[in-house]
1. Filter the stretch B:243-280 down to residues that are assigned to a helix (DSSP H, G or I) and surrounded by fewer than 19 Cβ atoms within 10 Å (Cβ to Cβ) and give me whichever is farthest from the other protein chains (Cβ to nearest Cβ).
2. If you take the residues in the stretch A:89-100 that are assigned to a loop (DSSP other than H, G, I, E, B) and more than 7 Å from every other protein chain (Cβ to nearest Cβ), which one is modelled with the lowest pLDDT?
3. Any residue in the stretch A:22-49 that is modelled with pLDDT of 90 or more sitting within a Cβ distance under 8 Å of a residue that is charged (D, E, K, R)? List the pairs, counting only those 6 or more apart or interchain.
4. With A:GLY111, A:GLY46, A:GLY84 as the choices, which residue is more than 14 Å from chain B (Cβ to nearest Cβ) and part of a helix (DSSP H, G or I)?
5. Conditions: (1) surrounded by fewer than 18 Cβ atoms within 10 Å (Cβ to Cβ); (2) assigned to a helix (DSSP H, G or I). B:VAL300 meets all but one. Number of the miss?
6. Can you find, within the stretch A:183-194, the residue that is farthest from the chain's Cα centre (by Cα) among those that are at pLDDT below 90 and part of a helix (DSSP H, G or I)?
7. Go through A:GLY58, A:GLY146 for me and flag whichever is more than 17 Å from B:ILE410 (Cβ to Cβ), out of contact with any Phe, Trp or Tyr (no Cβ under 6 Å at 6 or more places or on another chain) and touching a residue at least 60 places away in the same chain (Cβ under 8 Å).
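The values are calculated or read from the model by the stated rules, or taken from the named source; none is laboratory data. These figures come from a predicted structure and were not determined experimentally. Here the Cβ positions follow ideal geometry from the backbone for every residue, glycine too, while neighbour counts run over all protein chains shown.
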Amino acid sequence: MEFFLQQTVNGLTLGSVYALIALGYTMVYGVLKFLNFAHGEVYMFGAFAGYGVLTVLGGPSALVVPVWLAITLMFVAAMTVATGIGVGLERFAYRPLRRASRLAPLISAIGASFFLQAAALLLFTANSRSYDAPTLIPIESGVTVGPIDIWAVRILVIITAVILMILLTLWVNRSRAGKAVRAVSFDTEAAAMMGVDVDRVIVITFIIGSALAGVGGVMVGLVFGRIFHLMGFIAGLKAFTAAVVGGIGSIPGAMLGGLLIGFAEAYTTSYISSTFQNLIVFGLLIVFLLVRPHGFLGRPDLAKV
Amino acid sequence: MSQIGVDRWVEESESRQQQYSGWTAPARRAFDKVRPGWRLALFLGLAALYPLLVSPSGVRIGITVLILAMLALGLNIVVGWAGLLDLGYVAFYGFGAYFYAIVSSDQLPAHWPTWVAIPVVVAATALLGALLSLPSRRLVGDYLAIMTLFFAQVFVEVVRNFSRLPGEPTDITGGPNGITGVDPWTVFGFSFNTFNRNFYLLLGLLGLLIVGLYRLNDSRTGRAWRALREDTLAAEHMTTPVNRLKMLAFAVGAAIAGLSGTIFAAVQVGVFPNNFMLVFLITVYAALILGGLGSIPGVVVGAIAVAFTPEILRNPGAAGWLFYIGLLTLLLVTLRKRPMVAAVVAGVVAFGYLLRAASLAIWGDTILGVPNDTFTGGFLDGWLLILGEHQDMASNYAFVLAIVGVLGVILTRGWWRVVALIPTIYLAVFVWENKLALQPSITRQLLFGGVLMVMMAVRPQGLLGTRRVEIT
């Protein structure tokens with residue numbers, strides 16, 4: 001029972017991170033109807049930006065500022081860098097292809113993903129880095145719930161993710177800009193005719209999606225330690241799985257899917273084998289795509305002539 | 001050459017666009033008159049001379065080129081003709097290679113004769129392709145792409161972890177160590193056990209494949225594939241058997257990949273999981289996109305360009321040529337006026353002098369490193385900073401700044417563009433001499449990723465492809 005609860009917390013942490021990345025996929029898919037392959041790389045750069053700030057501030061063991069300030073700055077830096085890359089991608093890799101055939105932006109996105117991976121390899125070398133979060137926030141700190149102890153970092157991650165998701169939901173449903181996003185996602189041409197600035201909405205979507213991915217990157221660095229130049233690829237695939245499982249284009253779906261993938265991965269790793277962790281997640285996706293391609297909360301796509 | 005089913009206007013639009021101009025026009029017109037069969041014969045004849053002119057390692061590169069060309073041609077069926085984005089293609093290649101390696105090595109141990117092994121492997125790969133096409137009945141576009149990508153990931157994971165499967169006494173795929181000691185192809189007692197023999201084997205197969213694909217392209221099936229690519233829904237309404245065609249495209253593509261895989265395994269005398277990673281898939285895609293989706297000669301040219309690039313990058317002198325000629329070409333294309341190009345180059349050198357003088361005044365000449373000017377012969381010495389101690393960090397910043405500069409050049413127009421060009425080019429040369437030239441494999445990755453992006457934005461039809469007319 002204790003082990004099970006521990007794994008549940010583990011899955012919840014992992015799931016929150018996947019959900020944050022999945023939101024970026026799902027929002028971009030909503031407005032552009034195309035899969036931003038390079039999103040995982042945006043998340044990876046976010047993680048490295050956080051690491052950079054941590055190093056500049058003296059490293060985990062010799063911080064020159066209070067811990068809370070350091071972590072806040074890490075999040076801010078990650079969001080800034082990730083947003084910069086996301087908006088750059090939109091402007092230079094995707095916008096020129098708005099009117100091209102369906103394959104073109106996808107291939108461009110694959111190229112961008114590959115380019116960013118190589119750039120990270122060039123800038124940060126192939127060595128993996130560690131946030132060394134246990135030095136930052138002692139592993140003993142945290143709360144005890146029933147039989148298990150939950151590390152403060154995990155609580156921070158889960159709460160931050162939940163707050164961000166609530167804010168996002170409120171923003172999409174209540175604000176004027178959120179309404180524009182929904183309108184573009186529903187029918188781009190009609191929205192444009194009603195005076196919605198589609199380009200602006202797309203940029204906003206990229207800003208939000210990338211910022212969330214950046215936050216996710218720092219979270220992974222804090223909880224799981226290791227960051228490296230290839231981390232974006234697998235995490236991106238899993239987050240995409242989450243977005244699909246939840247129903248691509250649906251914001252609550254991405255959150256739900258993220259949690260589901262997180263749990264699936266945590267339980268597989270602990271009860272079956274870590275070898276099969278990726279296999280099971282991918283198998284889940286393949287089954288899901290075949291049985292219910294529009295996911296849990298998505299709408300089935302009707303082909304119109 | 002008239003094709004049934006091509007609309008008159010669309011057909012003529014191609015010839016309207018192809019009115020050549022400039023000094024290459026006579027040559028291109030003359031080349032257009034050469035019949036496709038003779039073009040192929042010319043290509044094969046020239047390629048057959050290649051091993052006579054180069055060293056054994058050069059022949060090995062030639063083999064890589066031919067394998068890549070075959071793979072790209074197979075992928076072209078699925079992506080270029082049928083319009084299905086298949087990101088699991090490299091798994092078929094791997095499957096063929098592994099299957100062949102398992103049945104022709106000491107792994108089982110089994111040493112099937114080639115005439116048994118090859119048909120079985122190719123048929124099995126085709127079957128796997130047909131199986132993977134089943135989801136394409138329901139999934140289109142991005143979903144199909146991601147699903148096939150997962151398939152490729154699953155393939156590598158399975159191959160790498162098979163040895164750790166519980167209750168399995170022998171590890172069939174050899175895990176991360178792969179399989180070694182694979183037999184060469186042996187046909188009628190003739191063993192293809194040298195690079196030269198394999199080169200000619202591949203060249204022969206490639207020739208046959210090109211002829212076959214050329215026939216296929218003009219056949220009923222080929223036309224149906226293109227109809228599928230242009231508009232699946234309309235094709236279906238014209239009673240095209242959409243699902244069967246998708247399956248066929250996947251199966252034929254996979255069979256070609258499987259065949260290439262067997263030769264790869266035989267040439268390498270082994271197979272390893274790392275041979276079939278995403279990096280290789282991107283390489284095949286780069287060849288396909290660079291040459292031109294859908295065009296057979298284009299794909300072959302793309303494969304040659306892409307496969308030779310890493311070899312050129314590995315040789316510092318040749319890489320220098322490539323870089324500086326590329327830079328100059330870019331300048332000529334963006335500025336269009338030769339005096340302007342000269343002015344910009346002068347500006348870059350002047351900018352470099354100033355920056356160098358300023359840096360030396362601030363930090364002193366202890367920051368300087370040893371220039372690696374094998375190619376430029378000291379031309380850079382006066383104005384470019386080749387750093388010593390801080391080379392790594394400074395060139396990292398310069399790399400990021402150079403990318404920002406390139407994006408800035410894209411955004412600006414007129415005089416601002418010229419102004420933005422000068423520091424950007426300086427930074428590019430700086431990064432090249434201080435970093436990229438020293439790390440050929442990363443440079444290659446950057447180049448391929450960049451090629452995919454730039455080609456999509458600038459020339460989506462590739463070097464030799466024909467521009468598609470979008471009918472909406």
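1. So the residue we want is B:GLN268.
2. By that ranking, first place goes to A:ARG99.
3. A:PHE48/A:ARG129
4. Residue meeting the stated conditions: A:GLY46.
5. It is condition (1) that B:VAL300 fails.
6. A:GLU189
7. Selected residue: A:GLY146, the only one of A:GLY58, A:GLY146 that is more than 17 Å from B:ILE410 (Cβ to Cβ), out of contact with any Phe, Trp or Tyr (no Cβ under 6 Å at 6 or more places or on another chain) and touching a residue at least 60 places away in the same chain (Cβ under 8 Å).
Condition check ((1) in a helix (DSSP H, G or I); (2) touching a helix residue (DSSP H, G or I) at 6+ places or on another chain (Cβ under 7 Å); (3) within 8 Å of chain A (Cβ to nearest Cβ); (4) β-branched (Val, Ile, Thr)) across all residues:
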residue	(1), (2), (3), (4)
B:TRP383	no, yes, no, no
B:VAL418	yes, yes, no, yes
B:PRO423	yes, yes, no, no
B:VAL429	yes, no, no, yes
B:GLU433	yes, no, no, no
